[in-house]
Each structure stands twice: as C-alpha cells, then as structure tokens.
Amino acid sequence: MVDAASKVSKKLNKFEKFKAEKDGLAVKSELDKFAELGWESVDETDLTQRLKWLGVFFRPVTPGKFMVRMRMPNGILSSKKMQVLAEVVQRYGDDGSADITTRQNLQLRGVRLEDIPDIFKRFEAVGLTSMQSGMDNVRNITGSPVAGIDANELIDTRGLVKKLQDMITNRSEGNPEFTNLPRKFNIAVEGGRDNAVHAEINDIAFVPAYRDGKLGFNVLVGGFFSARRCEAAVPLNAWVEPNDDVVDLSRAILEVYRDNGSRANRQKARLMWLIDEWGMERFRAEVEQAYDRPLLNAALEDELDWDKRDHVGVYPQQQPGLNYVGLHVPVGRLTAQDMFDVARIADVYGEGEIRLTVEQNIIIPYIPDSRLTLLMEESLLERFSVDPSPLVRSLVSCTGAQFCNFALVETKQRALAIARQLDATLSLPHAVRIHWTGCPNSCGQPQVADIGLMGTKVRKDGKPAEGVDIYMGGKVGKDAQLGTCVQKGVPCDDLPEILTGLLAKHFGAQPRSESLAELDGHLQVTVSE
Ligand code: SRM
Ligand code: SF4
C-alpha cells in the first residue's frame, strides 16, 4: 500500500491526519467490539468518520440510528437482495426506511450499531456490500439503468461496472490501495445514447464512441460538484475498448489522483483541481505512464445523441415479448413494506431483478407482454405510479434536514408537497425536472435540473426562515450542460408563487381547468416519515 498522505504534502488537513493515524478500513475488524461497546463508547473518530469506510454513517440528527449506504453496481439488484434489505429496515419499525439515491443506490435508515455484525453477515450471504461507499472512496459506480435490455443500447455496461467495483473494493473485502484517496471520487460508465447517468458530473466518465469503426468509450475526467465549485468533466483525449482497459485506465487515474491530489486544502482536493494544477497535457502523460501502455486519442465525437429518458412507464425491451416497467417512487423514499412489495412484484411478474435510476426510481425488467395487464392492477402501482403527474414525475431530492446535519432546509417532504400543489394548479406541455438539494454540497444535483433549488437560510418578515437559491439552465442527455444560479435567497414559503411564474414564463405552464378531484389519483403519493 502506498503511504500517499506522507508522499504528497507535509501540510495535511485534519482528515488526512486521522487517516494517517489509522486507515478507515481498520474498523472492519473492530465491528464486534463496537457492537458490544455500544455507540456512545466508541472512539469519536471511529464512530463519526472511519465507519463510513464500511458504509456505516453516524447521523448526528438521529444519534444511535445509523444510515447504511450500499453499493449497487449499475443500479441493479435481485429480489432476494431487496428482501434482505427490507428485513434489515423492518426490524427498526417506524425508524426504518430506505432511500434510492442520486447514484442509483440504496441507503438504509434507523440501523443500530449493535446489529451491524449480523447485518453484514446477511449482506455477505446474498452478495450485497456497503464497502467503501462513503468518505474518501469511490462512490457507487453508475451505468445505464436499462443496460442489456435497451433495444438501442450501444454497450452493455453491467459486467464492466461490476469488474470496476470488484477492483476498487477487492471484491467487497476492502482494498487498502484505494481507501485513502484525497477526497471522494465518482465514476460513471454510460453505454446508452441518452446519457442516463449524467456522465458529465463524474470524476471519470466513460461515454460510448466509435473510433475507426470500432465501438468503445471516450473518457472524460474531473466532473464534480462541491460547495465551492462545480465543473462538468473535460475530455482526457483518450479512447478505450469496452473491456478490461476500462478497469485498467480507471486504476491508473485513481493511482495518479491518490498519489498526487492535494491533501492540504480539502476544499481543493477533487480530481479537477489536480488537472488544473498540472494542465491536461501533463495529467494525461502521468495517467499514460500509470496505465503502462500508449493511450489512444479520443474518437472525434461520442454517440450521446438522444434526449435523456426517465424510464418511468412501460417500454419494450430488446428481447422480443418482454418489457421493462419504470415505477415512480416519490422522492426515492421506501418503507420496508414497499421493498418487500417491489421484490415480490419482480418475482411474480419479472425474473426477480430490480433496477434503480439516478432519478431515484425503480425499474422492473423482463415482464412478458401477457403479464402487463395484471401488473398494472397491483396496488403498489397506486403509490408507485407508471404515469405520475408531470412535476412529481421528474422530482429529485436529496436527504435534507430529516437525516442530514449539513442541511439548511427540509427537502423531501417539502419538494413533494410543492410539486403536488403545482401539478394540481398548472398544466404543462412537457415534464419539467425540479431537483432539490438541502445545501451547497449539491447531492440532489440542482445544476442538472431545469429548475434546481438549493437550500439556504433567508429572512422573511424580519425573521430567519428556510429558503433556496434557484438554478436554471441545466441540460441533460446529448448536449448536457450545467445550470447556474439565477435567483438567490427565495423563502420556501414563497416558492409556489415563484415557481408558478417560472413555469409559466419558461416552460409553457397554463392554469389548469380540471377540478382538483380529477387529479386525486396523482395526489395520493406520500413520503413515509
Ligand atoms: Fe452527497 C455528503 C447524501 C450524492 C456531493 N452526501 C453527503 C453526506 C454523506 C453528508 C453527511 O454525512 O450527512 C450525505 C448523507 C445524508 C444522508 O443521511 O443521506 C449525502 N449524496 C447523498 C445522497 C444520499 C443524496 C440523495 O438523497 O440521493 C447521494 C448518495 C449517492 C450514493 O449512493 O453514493 C449523494 N453527493 C451526491 C452527489 C451526486 C452525484 O454523485 O451524482 C454529489 C455531487 C457530485 C459530486 O460529488 O461531485 C454529492 N455529498 C456531496 C458533497 C460535496 C463533495 C465535495 O467535493 O465537496 C458532500 C460533502 C463532503 O463530501 O464533504 C456530500
Ligand atoms: Fe445533506 Fe447537503 Fe447532501 Fe442534501 S445536499 S444530502 S443536505 S449534504
């Protein structure tokens, strides 16, 4: 293992210091001890920081009730895995729930530290892992949620994403080679035409491209969001074949970043800052050296030439007679019962497979034509609609104040309430993607939205109040581009009116003529507490 921290800089930030004292992965062998001690007696840095290396997050907002962040390569899991996750959440009663994340992943809530050793055994038995899903590690690796079933797909990314995860996490055992990066790191491997995973906002993005008639990936690097700075990824001027080269090149980039990224100022530690410091020519040369063979220049253009799809609804698969059905999960929140129901539906109607999207929704693939009508009658589809109202349909929200101590505002409940209210009063010619994020960390990706709302503190009528900064202009799909802040400090209470104005001016919204009663079906969605 490389002692990266000492190699790079003598001036280390406080995170680097505690990592240098003890690697995050070290707590893996201490879980039984922690479970016996109880969370109040665990060393503070182990409790609040190092446990995140195993995907176990102490929540200062709900002390003693932990969040567990999984890994779901390409957003795919089996019904068996979903059942195990549902059982974990179920044992915590009203405290237990799960969230689908903006990286097509699942986070479990309410978990007690004393149960972690048992929970991890259950995970292992079905091939689930939460290894290296937080802190200075590579996050869940995203890929098209319709990989292998999309009739128009270019590259099926499932195997590649799994291989990448296995390399980075040492097949979920934990890989000390990559547990001490200077900062978090995101990788996306897009195999479709519509850029379903927002490739451009990842530290490494592989996007499909033909070079000399051969299909492979152009490579982009350095995309990220942070409170201080947001950047779209830029071309590395490299093209790789869709095979182990993807894994090898990712490894090379990670090594270069690990050994050279800034460990002094944590606000300037993401990959793009290193690219800025060196310039792309040097960065590419260093990566090429670590890759240990010549890098091929990028193809002139990539194949991202479709508008982004949200996959909500019923769609034919590339396999004749089979369909995938996208269920809308309001702001990604699931109860234990929802999870059992989704697993059952995947078993009864499909082939026991479930997929997650970066819009925090669920896809059930492999549904035969003959089973569609019956599926549509399932009561779960009243909550998880295949045809939700337009603003609710495209709503994305980060965790917010309910569980996140960085949050400046409550997000999920409010996001849903406002979207439902506006859907009841406005008719829209097309979907408008509204993304909520509770603070400038941008987990809810407001910069990719048509309208992005970033939590902030404001004053209203002379009193402190919850508010948002408004972002607009985010484009997704073929010509993805980041939105920018257009209005600052809007009190949340004023949002219905302000959003109505924006929707009318920029998105063709008209006052609705139907009565509210007609929308009843759409208004029944709720987020469980
Ligand atoms: Fe995030 C930190 C939740 C996607 C940028 N993010 C956090 C923490 C861990 C803070 C904390 O300890 O409370 C949040 C946990 C709250 C909780 O209890 O759920 C949190 N981030 C999330 C999730 C769950 C939002 C969601 O509701 O979907 C997403 C989990 C993804 C996953 O499965 O791994 C999530 N976070 C993102 C994204 C979006 C993405 O990856 O496409 C971003 C912006 C992209 C990026 O990172 O470049 C993002 N999160 C951050 C940052 C700012 C990073 C930076 O460089 O400054 C932080 C703060 C930090 O790391 O210091 C952060
Ligand atoms: Fe928490 Fe802020 Fe991320 Fe929302 S954007 S989950 S409030 S860190």
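Please specify each residue of segment 448-463 satisfying the condition of being in a loop (DSSP other than H, G, I, E, B) and at negative phi.
449, 450
Each row is one residue, and each column tells you yes or no for (1) farther than 24 Å from residue 151 by Cβ; (2) touching a Phe, Trp or Tyr at 6+ places or on another chain (Cβ under 7 Å); (3) away from ligand 1 (no atom under 16 Å from the Cβ).
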site: 318; (1), (2), (3): no, no, yes
site: 323; (1), (2), (3): no, yes, yes
site: 347; (1), (2), (3): yes, no, yes
site: 361; (1), (2), (3): no, no, no
site: 372; (1), (2), (3): no, no, yes
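Taking residues in segment 33-49 that are within 14 Å of residue 112 (Cβ to Cβ), and partners anywhere that are of a type in the set (Gly, Ala, Ser), the pairs with Cβ atoms closer than 6 Å and at least 6 places apart or on different chains are 39/64.
In segment 230-241 there is no residue that is more than 24 Å from residue 191 (Cα to Cα) and small (Gly, Ala, Ser).
Which members of segment 421-447 meet the condition of being in a loop (DSSP other than H, G, I, E, B) and more than 13 Å from ligand 2 (Cβ to nearest atom)? Hits for segment 421-447 are 428, 429, 430, 431, 432, 433.
Matching residues to (1) under 30 Å from residue 60 (Cβ atoms); (2) free of Cβ contacts under 8 Å to residues at least 40 places away in the same chain; (3) among the polar types (S, T, N, Q):
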residue	(1), (2), (3)
357	yes, no, yes
361	yes, no, yes
380	no, no, no
389	no, no, yes
416	yes, no, no
426	no, no, no
432	no, no, no
439	yes, no, no
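Within segment 500-522, restricting attention to residues that are crowded, with 16+ Cβ neighbours inside 10 Å and within 30 Å of residue 97 (Cα to Cα), the residue that is modelled with the highest pLDDT is 519. Can you say whether residue 194 is in contact with an Asp or Glu (Cβ under 9 Å, 6 or more places away or on another chain) and over 28 Å from residue 24 (Cβ atoms), as far as the supplied structure shows? It is true that residue 194 is in contact with an Asp or Glu (Cβ under 9 Å, 6 or more places away or on another chain) and over 28 Å from residue 24 (Cβ atoms). Just so you know, in segment 374-405 the residues that are farther than 20 Å from residue 71 by Cβ, among the hydroxyl-bearing types (Ser, Thr, Tyr) and assigned to a loop (DSSP other than H, G, I, E, B) include one that is nearest to ligand 1 (Cβ to nearest atom), and it is 394.
For the subset of segment 19-32 comprising residues that are hydrophobic (A, V, I, L, M, F, W, C) and buried (at least 16 other Cβ atoms within 10 Å of the Cβ), which member is farthest from residue 132 (Cα to Cα)? Even if it seems obvious, please write down each step before you answer.
Restricting attention to segment 19-32, the residues satisfying the condition of being hydrophobic (A, V, I, L, M, F, W, C) are 20, 25-27, 31.
Within this subset, residues satisfying the condition of being buried (at least 16 other Cβ atoms within 10 Å of the Cβ) are 25, 27, 31.
Numbers: 25: 8, 27: 12, 31: 15 Å.
The residue in question is 31.
When 290, 264, 269, 298 are screened for being farther than 29 Å from residue 12 by Cα and either away from ligand 2 (no atom under 16 Å from the Cβ) or without any contact (Cβ under 8 Å) to a residue 40 or more places away in the chain (or both), only 298 passes.
Scanning segment 252-270 for residues that are buried (at least 17 other Cβ atoms within 10 Å of the Cβ), closer than 16 Å to residue 291 by Cβ and not small (Gly, Ala, Ser) returns 253, 254, 255, 256, 257, 258, 260. Each residue in segment 272-313 was checked for being under 30 Å from residue 385 (Cα atoms) and part of a loop (DSSP other than H, G, I, E, B), and 9 of them qualify.
Within segment 204-241, being small (Gly, Ala, Ser) and assigned to a strand (DSSP E or B) holds for 205, 209, 216, 238.
The values are calculated or read from the model by the stated rules, or taken from the named source; none is laboratory data. This structure is a prediction, so every number in the text was calculated from the model and none was measured. Reconstructed Cβ throughout: ideal geometry from the backbone, glycine too, with neighbour counts over all protein chains shown.
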